[in-house]
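The values are calculated or read from the model by the stated rules, or taken from the named source; none is laboratory data. Because the structure is predicted, anything quoted here is derived from the model rather than measured. We place every Cβ from the backbone using ideal geometry, glycine too, and count neighbours over all the protein chains shown.
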Amino acid sequence: MFIIDRIEGQVVVIEWEMGTFQLPSTLLPQGAKEGDSLKLNIELDKKNTNVRWEELEEKAKRLWE
C-alpha cells in the first residue's frame, strides 16, 4: 500500500511498508491529497531503452576511434 504522506511543493513523499520515497508532485493524479492511498503501475519502456543503448554504443564507438 502506498500512502501520500505529504506534498512539499514540487515533491510528494510516499509512505510504504519499507519506508518513504519521493516523486515529482506532477505525477500525482488530479485531486490527490495527503492521506490518499495510491496504486502504482511501473512498466518497462523497451523502445526508449533500446534508443538509449544505441546512443550509448555510438558514443562508445566515437571514444575509441
Checklist outcome for this item: Of L56, L63, L40, the only residue that is of a type in the set (A, V, I, L, M, F, W, C) and under 15 Å from the mean Cα position of the chain (by Cα) is L40
Checklist entry - Are there any strands (runs of 3 or more DSSP E) wholly within the chain with 1 or more residues that are among the polar types (S, T, N, Q) and surrounded by 11 or more Cβ atoms within 10 Å (Cβ to Cβ), and if so which? => result 19-24
Next on the checklist: Just checking, does the stretch 49-59 include any residue being modelled with pLDDT of 95 or more and touching a strand residue (DSSP E or B) at 6+ places or on another chain (Cβ under 7 Å)?
Outcome noted: no
